[in-house]
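For reference, the structure discussed in these notes is given below.
The values are calculated or read from the model by the stated rules, or taken from the named source; none is laboratory data. All figures in this text were calculated on a predicted structure; none of them were measured in a lab. Note: ideal-geometry Cβ built from the backbone for every residue, glycine included; neighbour counts use all protein chains shown.
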Amino acid sequence: MRDTVIFDFGGVITSSPFEAFNRLERERGLPEDLIRQINATNPDENAWALFERAEIDAAGFDAQFAEEARALGHELRGEDVLLLLSGDIRPRMVHALDWLKRSGYRLGCITNNVPAGEGAGMSRSAEKAAKVAEIMARFDHVIESSKVGIRKPDPRIYEMMLETLGKSADKCVYLDDLGINCKPAAQLGIHAIKVSDETQALADLADALGVDRAVF
């Protein structure tokens, strides 16, 4: 019986920053998914990877990201992208967290984030940061890539969560909006759910836990 649920944050508990990326690209007349293309190029050593492991600061990210964009023939500063990272909180996901906690499930959060903005959600205001902190308080344990120096999809970050929670992989469900981050969790034996939207995610979560979909 699965008794532990581990969540990604951005794109799961909050709306995906990819939506904001696409809006910026449209506004600037840039190719769709350019930002994702930049972040997928040399994925372990690019500006994004270094920043999520806190190996460079915001100024370093701004400059290196701009260089990577320029290498693809476009002008885009890293600081412009940082303004887009804090998504909107999804109320149904917060409701699900509350139901899970009341029902005795153990809760974890593994988030790839950067040392920018305020708090784990990289919020742009103190008010938003406070709301995110309230959500984070619901988890039994939170792992932030920028604090531990390891980022998804490195299997070690999932193993750290299992060890801290004292759970075997077969007892856990993991939700993430990126398939590349779901794959290593699944390879460890965790039931992984790729999140497309709230309704799909919560239906799949209910099925994985063997509970009525109506509870979420």
Could you list all residues from the stretch 71-84 that are among the hydrophobic types (A, V, I, L, M, F, W, C) and crowded, with 19+ Cβ neighbours inside 10 Å?
-> Leu76, Val81, Leu82
Name the pairs: first residue in the stretch 178-190 and without any contact (Cβ under 8 Å) to a residue 24 or more places away in the chain, second residue aromatic (Phe, Trp, Tyr), Cβ to Cβ under 7 Å, at least 6 apart or on different chains?
-> Cys182/Tyr174
Kindly provide the set of residues from the stretch 19-41 that are touching a residue at least 12 places away in the same chain (Cβ under 8 Å) and touching an Asp or Glu at 6+ places or on another chain (Cβ under 8 Å), ordered by number.
-> Phe21, Leu24, Pro31, Asp33, Leu34, Ile35, Ile38, Thr41
Among the residues of the stretch 83-117, which ones are in contact with a strand residue (DSSP E or B) (Cβ under 8 Å, 6 or more places away or on another chain) and on the phi > 0 side of the Ramachandran plot?
-> Gly117
Answer from Ala66, Ala49 - the residue that is touching a residue at least 40 places away in the same chain (Cβ under 8 Å) and either in contact with a Pro (Cβ under 6 Å, 6 or more places away or on another chain) or not basic (Lys, Arg) (or both) | Ala49
Examine the stretch 50-64 for a residue that is of a type in the set (A, V, I, L, M), farther than 21 Å from Lys147 by Cα, in contact with a helix residue (DSSP H, G or I) (Cβ under 9 Å, 6 or more places away or on another chain) and not assigned by TED's automatic domain parsing to the domain that holds Leu209, and state whether such a residue exists.
-> yes
Please identify the pairs in which a residue from the stretch 157-172 that is under 14 Å from Ala186 (Cβ atoms) has its Cβ atom under 6 Å from the Cβ atom of a residue that is β-branched (Val, Ile, Thr), counting only partners at least 6 apart or on another chain.
-> Ala169/Ile190; Cys172/Thr4; Cys172/Ile6; Cys172/Ile190
Phe18 in contact with a Lys or Arg (Cβ under 7 Å, 6 or more places away or on another chain), closer than 29 Å to Ile135 by Cα and at pLDDT below 95 | yes
Scan the helices (runs of 4 or more DSSP H) fully inside the stretch 93-200 and keep the ones with 2 or more residues being closer than 13 Å to Phe9 by Cα and not assigned by TED's automatic domain parsing to the domain that holds Asn39.
-> 126-136
Answer yes or no: is there a residue in the stretch 60-70 that is surrounded by fewer than 17 Cβ atoms within 10 Å (Cβ to Cβ) and of a type in the set (Phe, Trp, Tyr).
-> no
Can you tell me which residue within the stretch 108-135, out of those that are at pLDDT 90 or above and surrounded by 18 or more Cβ atoms within 10 Å (Cβ to Cβ), is nearest to Val94 (Cα to Cα)?
-> Ile135
